[in-house]
Amino acid sequence: MLLLSILFLTFSCGVKTTQSLISDGDYDGAIDRAVDALKTKKDSKGKQDYVILLEEAFAKAKDRDLRNLEMMEKEKNPANIERIYNTYIQLNNRQEKIRPILPLPLLKQGKNASFPFDNYSDQIVSSKNALSKYLYDNSLILLKSPNKLDARKAYDDLRYIESINPNYKDAKKLMANAEFKGTDFVNVYATNETDMIIPKQLQNDLLDISTYGLDDRWTVYHSVKQKNINYDYGLIVNFREIFISPEQIKEKEFIKERQVKDGVKTLTDSRGNAIKDSLGKPIKVDSFKIISVNIYEYRQYKACQVTAQVDYVDLKTNQLLQSFPVTSEFIFENVYSTYRGDRNACDESYLGYFNKRAVPFPNNEQMIFDTGEDLKAKIKNIVVRNRFRK
């Protein structure tokens with residue numbers, strides 16, 4: 001009984017929602033709900049409301065579309081060409097959505113619901129060709145503009161032509177031209193204002209924007225200038241200062257103590273007499289002792305700090321657009337220890353230092369290169385957050 005009540009409420013709610021969609025003028029929304037409900041048990045009495053609502057929604061949707069088409073075709077406004085094409089597509093798609101579930105019986109009337117279908121193939125082809133011609137001609141005009149945004153609009157229009165009318169004229173060739181004209185080309189390079197040599201591998205790594213995983217449809221970065229390309233922007237990594245600390249070994253001596261179990265002993269009172277339990281046996285307790293260790297700790301330390309500035313430059317006007325300061329640091333540190341005494345007095349977490357030894361300090365070039373990993377991450381963050389063209 002409960003299950004039947006739930007099913008009835010669900011059905012009732014679905015019908016009311018479909019009625020509400022029709023009242024709001026969302027005929028296609030109502031059609032979607034009704035078609036979905038009628039995919040199963042369409043001939044049952046319980047689905048009659050959906051059949052009636054589907055018939056009503058289809059008639060009203062078709063009537064509205066045809067009236068809109070009549071008005072747009074009378075206006076002869078080129079701006080309506082895409083709407084005309086899409087409306088014919090919509091009329092056809094609506095029919096194809098309903099066709100698989102036909103016929104739909106109206107049980108009380110003893111007949112099938114009426115869905116007068118029309119063949120829109122001629123109108124679809126005609127409006128598609130008209131739209132393709134309109135967008136193609138408009139793209140030719142846009143491609144004559146020096147404005148890159150116009151080229152991007154032409155690209156979008158030509159790509160749309162290809163999606164609805166493949167191989168239309170030379171749309172593919174024009175699309176490639178529009179893509180090139182609409183792209184911002186950025187020359188990425190570095191300058192060194194410090195008195196130190198920047199490792200060549202680090203420069204190449206920093207300037208290889210392709211490894212940054214950036215996804216910018218209309219921006220191409222080149223660290224090596226290419227022929228036949230007029231660059232729009234420059235992304236300049238200016239190395240301003242490099243500080244490398246001296247190699248340091250800091251020594252420290254300290255003592256660690258710990259209380260550890262050292263067997264058992266008899267519990268005694270203040271006079272030294274054994275304390276016994278209820279059975280007269282001496283009570284035994286754990287015996288502890290203090291162990292200690294002298295630790296001699298050595299800490300190798302060397303630091304590198306690189307200060308740079310990322311400049312965005314408009315190469316057409318030679319104007320500085322934006323500047324972003326960047327500072328990165330890399331620290332080399334190695335800690336090792338020796339000891340005298342009982343090493344068990346140390347915490348377990350410290351014991352590993354006794355197995356380590358002194359290692360060679362990295363040279364200055366390696367320190368600068370290691371700092372580059374953090375520097376690269378910060379430059380990537382700048383490029384991601386700050387596009388050249390807003």
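The values are calculated or read from the model by the stated rules, or taken from the named source; none is laboratory data. Computed from a predicted model, the values in this text were never measured in an experiment. Glycine gets a Cβ as well: all are built from the backbone with ideal geometry, and neighbour counts include every protein chain shown. Please note that ligands, DNA and RNA were not included when accessible areas were found on the heavy atoms of the full protein model with its side chains. Shrake-Rupley method; radii C 1.70, N 1.55, O 1.52, S 1.80 Å.
Applying 1/(1 + (r/R0)^6) with r as the Cβ-Cβ distance of residue 277 and residue 255 and R0 = 35 angstrom yields a FRET efficiency of 0.30. Using Cβ point charges alone (K and R +1, D and E -1), the dipole size of the chain about the Cα centre works out to roughly 1000 debye.
Enter the accessible area per residue of the chain (Å², integer; probe 1.4 Å; all protein chains in place).
On a per-residue basis, 61 Å².
What residues from region 309-334 fall in the zone where the backbone N is under 17 Å from a label point 7 Å along the Cα-to-C-beta line of residue 373? Counting backbone N atoms under 17 Å from the label point, the list is 328-334. Simple rule: put +1 on each Lys or Arg Cβ and -1 on each Asp or Glu Cβ in the chain, find the dipole, and look at 121, 139, 203; the Cα lying farthest toward the positive end is 121. For the chain, the share of accessible area belonging to carbon and sulfur comes to 50 percent (1.4 Å probe, ligands and nucleic acids excluded). Legend: distances between Cα atoms for 144/380; 74/173; 173/316; 144/200; 39/172; pairs beyond 31 Å are 144/380; 74/173; 144/200; 39/172. Here, region 99-208 has an Rg and a Dmax of 27.4, 96 Å when only alpha carbons are counted.
With the convex hull constructed from alpha-carbon coordinates only, region 226-304 shows a mean projected area of 15.8 nm² over all directions. For the chain, the longest principal axis of the C-alpha atoms and the axis of helix 148-164 are separated by about 60°.
For the pair region 316-390 and region 35-82, the centres of their Cα atoms are 65 angstrom apart. Calculate the FRET efficiency for residue 217 and residue 309 from the Cβ-Cβ distance with a Förster distance of 22 Å, rounded to the nearest 0.05. Once rounded, the FRET efficiency stands at 0.20. May I ask you to derive the FRET efficiency for residue 205 and residue 343 from their Cβ-Cβ distance with R0 = 45 Å, giving the value to the nearest 0.05? Rounded to the nearest 0.05, the efficiency is 0.55. Relative to the longest principal axis of the C-alpha atoms of the chain, give the angle of the C-alpha long axis of helix 27-37, reported between 0 and 90° and rounded to the nearest 10°. Helix 27-37 and the main axis of the chain meet at about 70 degrees. Using only the Cα atoms of region 338-390, build the gyration tensor, take square roots of its eigenvalues as a ≥ b ≥ c, and label the shape rounded, prolate or oblate: rounded if a/c is under 1.5, else prolate if a/b is larger than b/c, else oblate. Because a/c hits 1.5 or more and a/b fails to exceed b/c, region 338-390 counts as oblate.
Relative to the dominant Cα principal axis of the chain, helix 81-98 is inclined by about 90°.
Pairs of C-alpha atoms in region 145-210 farther apart than 17 Å represent 59 percent of all such pairs.
For region 43-91, the extents of the C-alpha atoms along the principal axes are 49, 15, 10 Å, listed from largest to smallest.
In whole angstrom, how far apart do the alpha carbon centroids of region 222-286 and region 142-185 sit? About 63 Å separates the Cα centre of region 222-286 from the one of region 142-185.
Shape verdict for region 277-356, please, from the Cα gyration tensor: rounded (a/c under 1.5), prolate (a/b greater than b/c) or oblate. It is prolate, given that a/c is not under 1.5 and a/b is the larger ratio. In the chain the Cα-Cα distances spread across 10 Å bins starting at 0 as 4, 13, 12, 11, 11, 11, 10, 11, 8, 5, 3, 1, 0 percent of all pairs.
Using the Cα atoms of region 89-158 to build a convex hull, what is its mean projected area in square nanometres? In nm², the orientation-averaged hull projection of region 89-158 is 6.6.
Rounded to the nearest angstrom and listed largest first, the equivalent-ellipsoid semi-axes of region 8-142 from its Cα gyration tensor are 36, 15, 12. Site pair residue 225 and residue 172 shows an inter-label distance of 3.5 nm when each label is modelled 7 Å from Cα along Cα→Cβ. Of the trypsin sites (Lys or Arg not before Pro) found in region 199-293, those in coil by DSSP whose Cβ has at most 13 other Cβ atoms within 10 Å are 217, 225, 227, 271. So how far apart, in nm, are the two label points at residue 121 and residue 137 if each is 7 Å from Cα heading toward Cβ? Calculated label separation equals 2.8 nm. Taking 16 Å as the straight-line reach from the Cα of residue 128, the lysines in range (excluding those fewer than 8 positions away in the same chain) are 76, 169.
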